[in-house]
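The values are calculated or read from the model by the stated rules, or taken from the named source; none is laboratory data. Quick caveat, the model's predicted, so the values are computed rather than measured. No Cβ is skipped: glycine too gets one built from the backbone with ideal geometry, and neighbour counts run over all protein chains shown.
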Amino acid sequence: MPLTVHIVNTPLAGARDAYLDAWREIDTRGLRHPDGRQLHVAWTVDDVLHVVDVWNAPEQHQAFMRDLAPILDQFRMEIREAPEVGEFLHVVQPPG
């Protein structure tokens, strides 16, 4: 059953730029579409980055986080606390 993961990073001046720089590195390493991730949403509130991902399985999320850790370190992005993890229900989108 898919799961939803909500991650809150520690406050960082320039959080938006750090996120965008991290994505360039993610693309360089070929990690944009990791196995098992269905959805990625990110936003900032002031200097705090929030991320919600939907994963097929916890093991896939954990594997991606191992690959992502050095990139987060490179751009001084820290996760504030353990991610909130819950059962995915659904996403509502207007018809295409």
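Key figures
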| read-out | value |
| --- | --- |
| Residues (surrounded by 12 or more Cβ atoms within 10 Å (Cβ to Cβ) and among the acidic types (Asp, Glu)) located in the range 60-75 | ASP67 |
| Conditions (1) within 24 Å of GLY14 (Cα to Cα); (2) in contact (Cβ under 8 Å) with a residue 12 or more places away in the chain: number failed by ALA82 | (2) |
| All positions within the range 26-59 that are of a type in the set (Val, Ile, Thr) and either surrounded by 12 or more Cβ atoms within 10 Å (Cβ to Cβ) or under 18 Å from ILE79 (Cα atoms) (or both) | ILE26, VAL41, THR44, VAL45, VAL48, VAL51, VAL52, VAL54 |
| Qualifying residue in the range 7-25 (condition: surrounded by 15 or more Cβ atoms within 10 Å (Cβ to Cβ), within 13 Å of PRO83 (Cβ to Cβ) and among the aliphatic types (A, V, I, L, M)) | yes |
| Meets criteria (at pLDDT 95 or above, over 18 Å from TYR19 (Cα atoms) and either within 10 Å of the chain's Cα centre (by Cα) or among the basic types (Lys, Arg) (or both)) for VAL41 | no |
| Residue among TRP43, TRP23 that alone is without any contact (Cβ under 8 Å) to a residue 24 or more places away in the chain and in contact with a strand residue (DSSP E or B) (Cβ under 6 Å, 6 or more places away or on another chain) | TRP43 |
